[in-house]
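Laboratory data are not the source of any read-out in this text; all were calculated from the coordinates shown. This structure is a prediction, so every number in the text was calculated from the model and none was measured. Heads up, the Cβs are rebuilt from the backbone with ideal geometry, glycines too, and the neighbour counts pull from every protein chain shown.
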Amino acid sequence: MSFGALAHPGIATAGTRIYEGREAAALRCANTLALTAMALSSAELIGEGEKNVMLGVTVRILDRHVEGSWAQKRAAMEVMRDRRSVPDTLEDYRRIAERCLVQFPIN
């Protein structure tokens, strides 16, 4: 399955920004990494350093692969977060995290 099929067809954000295709897939990856980092940290399964690395990767994916202002990106992440349950997002992490880093390099 391609990431295009994994991404929502269009994510409307506050304002008029709509993310589709590759940008929507990047948002899905960023959301998956961020929410997983917070969940693992809250459960004390990773330390502060690991959480910060995962959140840093999220920021770099958004910076390099998603157009728009940070307010638009943040709003889109909120929409994505609200559409996925925590268990679904953690399952996404298991299935797609490695592909996210290949499809959306941060270096």
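What is the spin-label model distance, in nm, from residue 97 to residue 64 if the labels are put 7 Å beyond Cα along the C-beta direction?
1.8 nm
What is the angle, in °, between the Cα long axis of helix 86-103 and the longest principal axis of the Cα atoms in the chain? Nearest 10 is fine, range 0 to 90.
80 degrees
Using the Kirkwood formula over every pair of different C-alpha atoms, what hydrodynamic radius in Å results for the chain?
Radius from the Kirkwood sum: 13.7 Å.
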